[in-house]
Amino acid sequence: MSVKAVLRFVNYKITRDPDGERTWRARCVSGDEEECGAESLVFGGDEPPADWMAEHTATTGHQRFQRIYKDYALVEKAE
């Protein structure tokens with residue numbers, strides 16, 4: 001049995017959804033055997049997590065963090 005198929009390349013455009021919420025947070029990943037694991041609250045901007053990381057470093061000496069940013073995207077066929 002033979003099967004024929006026509007494949008076409010389709011361009012898609014990916015953009016940030018203006019109605020979607022954007023969030024930022026930070027998680028401490030310092031530690032040799034185990035990660036600290038302390039996490040900031042979820043914020044609507046990148047400045048509060050930066051402040052949290054600085055405060056956490058000042059009180060613990062930890063210097064390695066994972067920065068987490070989330071948003072929503074729209075995918076549309078490009079013209």
Which of Ala50, Ala58, Ala26 ends up with the largest GNM mean-square fluctuation for the chain, with Cα atoms connected below 10 Å?
Ala58
Simple spin-label estimate for Thr15/Ala50, 7 Å along Cα→Cβ, in nm, reads 2.8 nm
Which log10 I(q)/I(0) values does the chain give at q = 0.17 Å⁻¹ under the Debye formula, counting every alpha carbon as one identical point scatterer?
-0.74
Could you compute the net charge surrounding Lys70? Neighbours are other residues with a C-beta less than 15 Å from the C-beta of Lys70; K and R count +1, D and E count -1.
-1
Cβ-based charge dipole, the chain, positive-most Cα from Leu41, Cys28, Val3:
Val3
Can you work out the Karplus-derived ³J(HN,Hα) for every residue in segment 52-59? Use 6.51 cos²θ - 1.76 cosθ + 1.60 with θ = phi - 60°, whole Hz, and x for glycine or proline.
4, 4, 5, 5, 4, 4, 4, 8
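Coordinate-derived values only; no laboratory data. Quick caveat: nothing in here was measured; it's all calculated off a predicted structure. When we count neighbours, we look across all protein chains shown, and the Cβ atoms used for this are built from the backbone with ideal geometry, even at glycine.
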